[in-house]
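The values are calculated or read from the model by the stated rules, or taken from the named source; none is laboratory data. Here the structure is a predicted model, which means the values were calculated and not measured. All Cβ positions, glycine included, derive from the backbone under ideal geometry; neighbour counts span all protein chains shown. Note: accessible area is taken over every heavy atom of the protein model, side chains too, but ligands, DNA and RNA are not part of it. Shrake-Rupley method; radii C 1.70, N 1.55, O 1.52, S 1.80 Å.
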Amino acid sequence: MLRLDITKLRKEAGMSQRELADHLQVQPSFLSAIENGRSRVPDSKLPRIKEIFGLDSFDDYLLPDEEFTPGSIPPHTHEIPPHTHHEGGDSITQLLNHLHDLAHRNSPSSSNPELMARIDFLTQRNDRLSERLDNLRDEVDALKAENFRLKELLIRNNIPFN
């Protein structure tokens, strides 16, 4: 993975972190980690970055290749699956699945039933919380739409509002 000065690219384009994260289909927190040097840009995102910023090469935006020690969370857990991009993505589920896979690979379920039960409990809890979060996001979207509709009515009727 290249070490790119994403902050410089983004600021030159007058783009916010959230806007760029949306364009790249990653979590804003992951983009922040990239900009702060805690993570690197995944190779799979390089063509999209070139497209977004209209670049032929990254030569003007390369950072010195210093010693890099990423955290224990693999970068792919920060990506938003394409089908959930506008729903906010679910990197927590991906992380839990990753941990679940590691637990099964490193320790058969029969050798540590307490661990497997805990992982299953946390996975189910995360699924419930993710569903609740999706419902809350839907409610927020509906309230924003209603707010916008009401503001339009006020404007059409020349009624001042703050």
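Numerical summary
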quantity	calculated
Distant-in-sequence amide H partners of Leu4 (H built 1.01 Å from N, under 5 Å)	Val41, Leu63
Difference of contour (0.36 nm per residue) and Cα-Cα distance, Arg18 to Asp59	12.3 nm
Asn126-Leu150 pseudo-label distance in nm [points 7 Å out on the Cα-to-Cβ vector]	3.8
Distance in nm between pseudo-label sites at Asn135 and Asn158 (7 Å out along the Cβ direction from Cα)	4.6
Sequence of Asp5, Asp141 from largest to smallest accessible area, 1.4 Å probe	Asp141, Asp5
